[in-house]
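Participant: Got a structure for you, written out below as structure tokens; questions coming shortly.
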Amino acid sequence: MVFDRVLYVSTSRSSRIEGFYKLPLEERLKIIAKWADLSEEEVKTLSNFGNLPQDIAVRMIENVIGGMTYPFAVAVNFLINGRDYIVPMVIEEPSVVAAASNAAKMLRYDKGIIAEAGPQEMIGQIHLVNITEPYAKITKIIEHKQEILEYAAQQSPVLLKLGGGPRDLEVRVVETKKGPAIIVHLIVDVRDAMGANTVNTMAEAIAPLLEKITGGEARLRIISNYATRRIVKAWTKTPVDNVGGLDIAKKIEEASILAEADPYRAVTHNKGIMNGIIAVALATAQDHRAIEAGAHAYACRTGVYKPLSTWEVDTEGFLNGYLELPLQVGVVGGATRVHPIAKIALKILGVNSAKELSEIMAAVGLAQNLAALRALVTEGIQRGHMKLHAKNLAIMAGATGDLIDKVVEKMIRDGKIRYDYAKELVEKALRGEPI
């Protein structure tokens with residue numbers, strides 16, 4: 001019966017598939033295989049879940065039909081707050097891990113990169129609409145503040161036992177196209193969790209109470225991913241000789257200044273930072289979309305998009321770097337404790353708290369930023385990147401084993417790092433011709 005439906009769906013080319021989510025994984029895969037005319041080999045490849053067990057994968061998200069694996073690497077040489085770390089990174093972009101390791105080595109001066117995270121507090125938002133006399137209603141909310149906080153606290157007794165829970169209530173009025181709205185911020189110390197589930201539960205729980213107090217309607221009740229109560233700062237100083245000398249250090253400073261002046265450059269500057277942060281986030285199964293959204297919003301906090309980090313050379317011959325951004329991460333709950341590789345990543349890091357994890361991530365972001373700037377002001381970003389890209393091209397062209405390195409060396413030597421040239425070299429080699 002199910003298979004008949006599969007045939008009908010595939011021939012009609014309709015994406016309207018009734019009850020698709022109820023079907024077993026194998027049947028869902030049959031539907032997609034017929035829809036996309038996948039070969040048996042492609043179906044087999046898609047069915048390979050790698051190091052994520054299938055029974056876990058199908059429970060993590062909906063409509064699962066297969067798995068996809070990204071490289072899991074480690075960056076070495078990191079000295080953060082005087083402690084050595086090996087940092088797991090998951091990313092598909094060539095040269096990122098190598099660059100992070102190299103920059104970390106440059107920054108092993110004194111205690112290395114210093115990082116400091118503040119309280120692990122998240123903001124739950126309740127937007128109240130259809131409000132009259134909004135400022136009078138704000139006063140009423142403030143008068144009931146303790147009652148509201150106590151009710152929110154009842155929603156998570158476990159968090160309270162761990163020393164977390166609601167900490168404060170902030171209230172403001174915003175003008176909208178449909179009149180004034182009251183926005184209530186519930187500040188929650190989420191301890192070692194990212195906090196979304198807990199904060200959302202609390203926000204939904206106190207919404208009826210706020211409606212009763214104000215006479216308005218609670219339209220939205222959800223966490224804010226603009227985590228301005230969860231700021232992490234990382235800074236470092238290293239002798240200019242560690243980065244290649246005073247001339248290169250000054251050029252790095254100039255690159256930082258250009259990012260301050262030009263939003264188009266600032267976006268790419270910050271992308272380099274996020275290369276490191278998101279790679280660690282993926283390895284440890286964090287909500288990297290929330291991290292990205294919060295970081296880029298923070299870059300706009302002055303009304304103009306700015307770099308999240310700055311670099312400058314001081315009069316004593318040191319290059320100084322400083323990074324500041326919000327980071328919402330957790331080491332308990334969510335995919336962090338479900339995905340087996342995320343567990344291993346946290347074990348490699350040796351972290352026991354969200355605070356420490358966020359400090360490591362900020363430090364990696366700062367090191368990654370230095371690596372990108374140094375490459376830009378010296379040999380250019382493409383040299384190291386394209387060398388690794390050449391390897392990917394060789395593999396795509398069908399090279400295996402030792403032939404991969406031979407094709408890569410030839411492409412680099414000839415200055416032709418292109419797929420068509422890689423394909424040509426592989427075909428020659430397979431015919432027994434020298435390359």
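Participant: Which value results when the Cα radius of gyration for segment 326-397 is divided by 2.2 N^0.38 Å?
Facilitator: Against the compact-globule rule of thumb, the ratio is 1.52.
Participant: Within straight cross-link reach of K237, meaning Cα distance under 19 Å, which lysines are found once same-chain residues fewer than 8 apart are removed?
Facilitator: Once the sequence-local lysines are set aside, what remains near K237 is K105, K111, K250, K251.
Participant: In addition: Give the Rg (one decimal place) followed by the Dmax (whole number) of segment 121-224, computed from C-alpha coordinates and expressed in Å.
Facilitator: 13.2, 43
Participant: Could you list the trypsin sites (Lys or Arg not before Pro) in segment 101-181 that lie in coil according to DSSP, counting only those with at most 11 other Cβ atoms within 10 Å of their Cβ?
Facilitator: K177, K178
Participant: Okay, next question. Quick check: Cα centre of segment 10-60 to Cα centre of segment 142-219, how many Å?
Facilitator: 41
Participant: Just check the chain against the gyration tensor rule for me: Cα atoms, a ≥ b ≥ c as the square roots of the eigenvalues, rounded for a/c under 1.5, and otherwise prolate or oblate depending on whether a/b exceeds b/c.
Facilitator: oblate
Participant: To continue, here is another question. How big is the convex hull of the Cα atoms of segment 1-149, per residue, in Å³?
Facilitator: 277
Participant: Once Lys and Arg get +1 and Asp and Glu get -1 on their Cβ, which of I395, V408, A429 lies farthest toward the positive end of the dipole of segment 383-430?
Facilitator: It is V408, whose Cα lies furthest towards the positive end.
Participant: Also, I was wondering about something else. Taking the Cα centre of the chain as origin and charging only Cβ (+1 Lys, Arg; -1 Asp, Glu), how large is the dipole, in debye to the nearest 20?
Facilitator: Using Cβ point charges on Lys, Arg, Asp and Glu, the chain gives about 400 debye.
Participant: Under unit Cβ charges (Lys, Arg +1; Asp, Glu -1), what dipole magnitude, rounded to 20 debye, does segment 121-224 have relative to its Cα centre?
Facilitator: Around 200 debye, computed over segment 121-224.
Participant: Using +1 at the C-beta of Lys and Arg and -1 at the C-beta of Asp and Glu, which of I257, V240, V332 has the Cα lying farthest in the positive direction of the dipole of the chain?
Facilitator: V332
Participant: Note down the nm distance, to one decimal, between modelled labels 7 Å out along Cα→Cβ at N200 and at S353.
Facilitator: My value for the distance between the label points is 2.7 nm.
Participant: If you don't mind, there's one more thing I want to ask. Comparing V304, V331, V184, which has the greatest mean-square fluctuation in the GNM of the chain with Cα pairs linked when under 10 Å apart?
Facilitator: Judging by the Gaussian network model, the answer is V304.
Participant: Could you list, bin by bin from short to long, the percent of Cα-Cα pairs of segment 383-430 in 10 Å steps?
Facilitator: In whole percents, the pair-distance histogram is 34, 60, 6.
Participant: While we're on this one: Once the dipole of the chain is set up with Lys and Arg at +1 and Asp and Glu at -1 on Cβ about the Cα centre, which of T214, N51, L25 lies farthest towards its positive end?
Facilitator: Result: L25.
Taken together, the values in this text are just the output of simple stated rules run on the coordinates, not laboratory data. Values in this document were obtained by computation on a predicted structure and should not be read as measured data. FYI the Cβ positions are ideal-geometry reconstructions off the backbone, even for glycines, and counts take in every protein chain you see.
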